[in-house]
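The values are calculated or read from the model by the stated rules, or taken from the named source; none is laboratory data. Predicted model, so just to flag it, every value in this text is computed and none were measured. Methodologically, a virtual Cβ is constructed for each residue, glycine included, from the backbone with ideal geometry; neighbour enumeration extends over all protein chains shown. Note: areas computed on protein heavy atoms with side chains; ligands, DNA, RNA excluded. Shrake-Rupley method; radii C 1.70, N 1.55, O 1.52, S 1.80 Å.
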Amino acid sequence: MPLLIESDDVLMLLGIESDDVLIRIFVRVPVFSHGALRCACRRTNTLLKSPVFREARLKSGFDETALIVAGGVQDRRAVTGCSMVIGGRCRPIAPMTTPRAFACSAVMENELVVLGGSAGGDALATVEAYDPLLNRWRSLPPMSQGRQGAVCGLVGGSLVVAGGGSLTTG
């Protein structure tokens, strides 16, 4: 019968008892590998989600800058497809749940929030947030009315949407 060793026990056997040591190791690991690291053990999962780790990664200079392309138009139709350009390479990421083009977006609390846009001739009120650490989109409460071609940004910690309109009324 094989011996079952918990991942936390392996860390202890390797002499890694301090989270500071793990942070110094993991800040050098590319963000695309973090999903596999979170599967390693509960302790690693908690550490990678912590504000302490995020701050250490930013200070280390190993934090990658990325461009996310979300939705758009292909063959005259709004699409859900998304990709991330990081380190000079374009990689597919999880698709949005709603096809959309002409949406607005902003980064809020380490997530990309995509609002409104249009699909199939209709202005959308739907809102989605992308978590790059989990490579997952989630729905947020919709806007009070559909908007396409709007702009948005953070003002005093609040997400503000301005301009745009419906496709029929402008």
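Taken residue by residue, region 106-125 has no member that is out of contact with any Phe, Trp or Tyr (no Cβ under 9 Å at 6 or more places or on another chain), among the polar types (S, T, N, Q) and over 28 Å from L48 (Cα atoms). Considering each residue of region 94-113 in turn, none proves to be modelled with pLDDT under 85 and farther than 22 Å from G157 by Cα. Taking region 130-169 and the strands (runs of 3 or more DSSP E) fully enclosed by it, the elements with 1 or more residues that are open to solvent by less than 90 Å² (accessible area, probe 1.4 Å) and more than 27 Å from A94 (Cβ to Cβ) are at 158-162.
Answer yes or no as to whether L48 is loosely packed, with under 11 Cβ neighbours inside 10 Å, within 19 Å of E111 (Cα to Cα) and at pLDDT 70 or above. It is false that L48 is loosely packed, with under 11 Cβ neighbours inside 10 Å, within 19 Å of E111 (Cα to Cα) and at pLDDT 70 or above.
Just one of (1) at pLDDT below 70; (2) assigned to a helix (DSSP H, G or I) fails for I16. It is (2). I need a count of the residues in region 131-147 that are at pLDDT 90 or above and either touching a Leu at 6+ places or on another chain (Cβ under 6 Å) or among the hydrophobic types (A, V, I, L, M, F, W, C) (or both). Residues that pass the stated criteria total 4. Taking A78, is it open to solvent by less than 80 Å² (accessible area, probe 1.4 Å), closer than 30 Å to T44 by Cβ, at pLDDT 90 or above and not in a loop (DSSP other than H, G, I, E, B)? In short, no.
Only one of the numbered conditions (1) in a helix (DSSP H, G or I); (2) closer than 29 Å to R138 by Cβ; (3) at pLDDT 60 or above is not met by L37, and that is (3). Of L58, L124, L67, L112, all but one fail to be surrounded by 14 or more Cβ atoms within 10 Å (Cβ to Cβ) and closer than 29 Å to V27 by Cβ; the exception is L112. So which residues in region 87-126 are under 14 Å from the mean Cα position of the chain (by Cα) and not in a loop (DSSP other than H, G, I, E, B)? Within region 87-126, R91, P92, I93, S105, A106, V107, M108, E111, L112, V113, V114 meet the criteria. Selection of first residues in region 89-101 that are surrounded by fewer than 15 Cβ atoms within 10 Å (Cβ to Cβ) and of second residues that are hydrophobic (A, V, I, L, M, F, W, C) and not in a strand (DSSP E or B), restricted to Cβ pairs under 8 Å at least 6 apart or on distinct chains, gives the following pairs, ordered by first then second residue: R91/F32.
Based on this model, can you work out whether M84 counts as in contact (Cβ under 8 Å) with a residue 24 or more places away in the chain, part of a strand (DSSP E or B), of a type in the set (A, V, I, L, M) and touching a Cys at 6+ places or on another chain (Cβ under 9 Å)?
yes
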